[in-house]
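Written out below as structure tokens is the structure these notes cover.
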Amino acid sequence: MFNAFWVLLKRDLLLALRRRSEVFTVLFFFLIVISLFPLGVGSEDATLKKIAPGVVWIAALLASTLALDRLFANDYLDGTLEQLILAPQSLSIMVFAKMLAHWLLTGLPLVLIAPLVGLFYHLPTATIGVMMLVLLLGTPVLSMIGAIAAALTLGLRGGGVLVSLLVLPLYIPILVYGSGAISTSMVEGLSIQPYILLLSAFMLLALIFSPWATASALKISLE
Amino acid sequence: MTLEVKNLQCIRGDRELFTNLSFQLEANQLMMLEGQNGSGKTTLLRSLCGLYLQDEGDILWDGVPIHKQDENYRRELLYLGHLNGIKADLTVIENLRINAGLAGEVPTVDVLMDALDTIGLYAFEDFPTSQLSQGQKRRVALARLLISKAKLWVLDEPFVALDIAAVELLQTIIANHVDNGGMVILTTHQEVPLTSGKIKRLSLSDKSFDKDEN
């Protein structure tokens, strides 16, 4: 059962390796959005520290929607998606492999580049650590919720914009608790534990429901 | 091992493609699906694969509805549609290995190379499929037939884009499969001569003509 999971995960990573530019566009988009804010808002230390949590998360949300329409669209166009559905494996597991590949290619780079963002915004080291942790918890949820929307809009004209309209409102809880955790970590004596627990809960919930929901949406889209 | 279709009905929009369609397909049998463009051949094939949900009727594999056995049925099934189902960025052999892997098979390099040799893509194994011609891409897709252990082949216009040699080759591959106890259902305007086994014919056009006259 997991053989097909690994085959698909490796395939998607290999495809990304052949088309590296697609991975880098997302990463550079994230960095550019992040670096535009100090230019527009001003670069005083206090202002930067205040806006940093929100800016990081909004940039992460936008960057992750940017890559969503490619998640299933290419497979749909060349017919590999219908072969996936017909494969003698649970579609939810295959979908999970695709989500994982998507996160490794678009979410994980954001987590790893976070220290650089911290330097841009003069954040204390402890806060950078928290930022990486919440990004690590939150970005998989973005990929998983996004996959449902990408599956639902598959094959529709203008699907790319529609995906953004569908998922951005659904990303709000992640934005609120994700940036909340980063802000809180900059205040002495406040615990970030509730934020971390809530984000972990979101992730577990998404882990359970999103592969199944995405698999159902794919079957409907292919009819 | 039987594929049984009972009183199948498919409606697309407000157009009835076919209704009360029943047939049975057994080992060593080939079914040629005929009908004019738009008569519902592809829809029927996709219904047989479970990609399209029929409006009425049952599709049974060994007496059990296909939507109730999921993976068991899909293990016995190989579907080749209009799309080749290969990745342009991967090489020929990568495509073949990955497609087999997703179908739950782990073929050795020898098996893959033999298949490519037979299908006429010898020495092309490390070419990205994006650099191949239309007919060669189709051959990559068809190479799956040589590797798969599936019993039931559902082929939608398999002869499209193939040259004369490849058409003959595919006819032989299909005949061999029927010979070895497999079953094939396909849409084509090409005859497939069999060495043994039985050819069944099913025409969807007649039904739609009836419909038009009503």
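The values are calculated or read from the model by the stated rules, or taken from the named source; none is laboratory data. Note that the structure is a prediction, hence the values are computed from the model and not measured. Neighbour counts are summed over all protein chains in view; Cβ atoms, including those assigned to glycine, are modelled from backbone coordinates with ideal geometry.
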*Residue that is farthest from B:ALA165 (Cα to Cα) [pool: residues in the stretch B:78-107 that are modelled with pLDDT of 90 or more and among the β-branched types (Val, Ile, Thr)]*: B:ILE98
*Out of all the residues in the stretch A:67-76, is one or more in a helix (DSSP H, G or I), more than 8 Å from chain B (Cβ to nearest Cβ), under 20 Å from A:MET132 (Cβ atoms) and of a type in the set (Ser, Thr, Tyr)?*
no
*Give me the pairs, please: first residue somewhere in the stretch A:82-105 and more than 7 Å from chain B (Cβ to nearest Cβ) and under 19 Å from A:GLU223 (Cβ atoms), second residue anywhere and of a type in the set (Ser, Thr, Tyr) and surrounded by 23 or more Cβ atoms within 10 Å (Cβ to Cβ), beta-carbon distance under 7 Å, and either six or more positions apart or on two chains.*
A:VAL95/A:THR214
*Out of all the residues in the stretch B:125-149, which are more than 30 Å from B:TYR73 (Cβ to Cβ) and in contact with a Ser or Thr (Cβ under 9 Å, 6 or more places away or on another chain)?*
B:GLU125, B:ASP126, B:PHE127, B:PRO128, B:GLN136
*Residues located in the stretch A:23-41, provided they are farther than 14 Å from A:THR65 by Cα and polar (S, T, N, Q)*: A:SER35
_Any helices (runs of 4 or more DSSP H) falling wholly within the stretch B:46-135 and containing at least 1 residues that are more than 10 Å from every other protein chain (Cβ to nearest Cβ) and touching a Gly at 6+ places or on another chain (Cβ under 6 Å)_ = B:66-75
_For the condition farther than 22 Å from B:ASN176 by Cβ, crowded, with 16+ Cβ neighbours inside 10 Å and more than 14 Å from the chain's Cα centre (by Cα), what is the one hit in B:GLY13, B:GLY35, B:GLY50?_
B:GLY35
*Counting only residues that are under 22 Å from A:LEU8 (Cβ atoms), surrounded by fewer than 17 Cβ atoms within 10 Å (Cβ to Cβ) and of a type outside the set (Ser, Thr, Tyr), how many does the stretch B:127-144 have?*
1
*Could you list all residues from the stretch B:77-121 that are surrounded by fewer than 19 Cβ atoms within 10 Å (Cβ to Cβ) and under 17 Å from the mean Cα position of the chain (by Cα)?*
B:HIS82, B:LEU83
_List pairs: first residue in the stretch A:2-27 and over 21 Å from A:LEU142 (Cα atoms) and facing another protein chain (nearest Cβ under 10 Å), second residue in a helix (DSSP H, G or I) and among the small types (Gly, Ala, Ser) anywhere in the structure, Cβ distance under 7 angstrom, at least six positions apart or on different chains._
A:ASN3/B:GLY101; A:ALA4/B:GLY101; A:VAL7/B:GLY101
*Among (1) surrounded by fewer than 23 Cβ atoms within 10 Å (Cβ to Cβ); (2) not in a helix (DSSP H, G or I), where does A:PHE37 come up short?*
(2)
